[in-house]
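The values are calculated or read from the model by the stated rules, or taken from the named source; none is laboratory data. This structure is a prediction, so every number in the text was calculated from the model and none was measured. Note that we place each Cβ from the backbone using ideal geometry, even for glycine, and neighbour counts take in every protein chain shown.
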């Protein structure tokens, strides 16, 4: 006689059929990621922004700095869906081109901070002792300084420009990546297979890059996602106060700064760039939350 199945048992069987039987850790993470609707929504937002950043010349209706003085201060309409600024530039086009600038700032700063912070964290975890103590105390000094004020000081010293702005933001984010990589590398430093590698004469570089670093990849990816959101906010804030990108480059923070004097009468000049910053950070935070949940070993089933 066949056993009666409850709705809960039937649902569990359907999930097991959908789930791949033989998968690696990355496939498992992607499977959990797909089940997270909020994370997938964030991924869609980030993917749309990447399309805007990669192909602005094909999407934007006007040029990045195309000025038509007769069309200055036009409210949102069919020809200019987001209106025009005081120089007659189409705000929608500048926002589309600004996506490339903002994402480039975020990407450059995250890559530099991951490289510097990751190398520092690996060295601290591998060598330990005085080297570990020295590196971590230096990172504590950076932590003691407000990151945004540190970025302002560095950007002011280096001067305006996209690359200098990315350097300033990257230096302020290095301690976070150093701590993440160090914590992940410490979990494997004294494992038996690491002792075996040392016994057969494995070089320190090989031990760090081939055996310690892979254990830190997942937390680095999660940290980098949140770090990019923070970098975009910092880049916009630095451009807003005048130490970021130089005009006429389209950048959302600079657009806010240029339009703030007209905010009472022409609200749309600052509203749409501000909304783009908010949507971008919102999407990256959703994606970061999803990646964190997907890559957390404690959540594996």
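Listed residues 88, 98, 83; which is in contact (Cβ under 8 Å) with a residue 24 or more places away in the chain, surrounded by 15 or more Cβ atoms within 10 Å (Cβ to Cβ) and either farther than 26 Å from residue 234 by Cβ or touching a strand residue (DSSP E or B) at 6+ places or on another chain (Cβ under 9 Å) (or both)?
83
The conditions are (1) farther than 24 Å from residue 229 by Cβ; (2) crowded, with 18+ Cβ neighbours inside 10 Å; (3) in contact with a helix residue (DSSP H, G or I) (Cβ under 8 Å, 6 or more places away or on another chain), and residue 36 fails exactly one of them. Which is it?
(1)
For the range 85-122, which positions are more than 19 Å from residue 169 (Cα to Cα) and within 20 Å of the chain's Cα centre (by Cα)?
Scanning the range 85-122 gives 95, 96, 97.
Determine if the range 157-164 includes at least one residue that is in a helix (DSSP H, G or I) and either closer than 14 Å to residue 124 by Cβ or within 17 Å of the chain's Cα centre (by Cα) (or both).
Yes - at least one qualifying residue is present in the range 157-164.
To keep it simple, each residue is scored yes or no on (1) under 30 Å from residue 214 (Cβ atoms); (2) under 25 Å from the mean Cα position of the chain (by Cα); (3) modelled with pLDDT under 85.
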{"residue": "5", "(1), (2), (3)": "no, no, yes"}
{"residue": "10", "(1), (2), (3)": "no, no, yes"}
{"residue": "18", "(1), (2), (3)": "yes, no, yes"}
{"residue": "45", "(1), (2), (3)": "yes, yes, no"}
{"residue": "54", "(1), (2), (3)": "yes, yes, no"}
{"residue": "64", "(1), (2), (3)": "no, yes, no"}
{"residue": "67", "(1), (2), (3)": "no, no, no"}
{"residue": "71", "(1), (2), (3)": "no, no, no"}
{"residue": "74", "(1), (2), (3)": "no, no, no"}
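Matching residues to (1) surrounded by fewer than 16 Cβ atoms within 10 Å (Cβ to Cβ); (2) in a helix (DSSP H, G or I):
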site: 40; (1), (2): yes, yes
site: 43; (1), (2): no, yes
site: 49; (1), (2): no, yes
site: 63; (1), (2): yes, no
site: 66; (1), (2): yes, no
site: 75; (1), (2): yes, no
site: 78; (1), (2): yes, no
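Please go through (1) over 30 Å from residue 126 (Cβ atoms); (2) assigned to a helix (DSSP H, G or I); (3) in contact with a helix residue (DSSP H, G or I) (Cβ under 9 Å, 6 or more places away or on another chain) for residue 243 and return the number of the only condition it doesn't satisfy.
Every condition holds for residue 243 apart from (2).
Provide a single number: the residues in the range 246-264 that are outside any helix (DSSP H, G or I) and either touching a strand residue (DSSP E or B) at 6+ places or on another chain (Cβ under 8 Å) or surrounded by fewer than 24 Cβ atoms within 10 Å (Cβ to Cβ) (or both).
Within the range 246-264, residues that are outside any helix (DSSP H, G or I) and either touching a strand residue (DSSP E or B) at 6+ places or on another chain (Cβ under 8 Å) or surrounded by fewer than 24 Cβ atoms within 10 Å (Cβ to Cβ) (or both) number 6.
Within the range 113-127, is there a residue that is crowded, with 20+ Cβ neighbours inside 10 Å and either out of contact with any helix residue (DSSP H, G or I) (no Cβ under 9 Å at 6 or more places or on another chain) or within 30 Å of residue 55 (Cα to Cα) (or both)?
Checking the range 113-127: at least one residue is crowded, with 20+ Cβ neighbours inside 10 Å and either out of contact with any helix residue (DSSP H, G or I) (no Cβ under 9 Å at 6 or more places or on another chain) or within 30 Å of residue 55 (Cα to Cα) (or both).
Applying the selection to the range 178-209, what residues are loosely packed, with under 12 Cβ neighbours inside 10 Å and either at pLDDT 85 or above or not in a helix (DSSP H, G or I) (or both)?
Those that are loosely packed, with under 12 Cβ neighbours inside 10 Å and either at pLDDT 85 or above or not in a helix (DSSP H, G or I) (or both): 190, 200, 201, 203.
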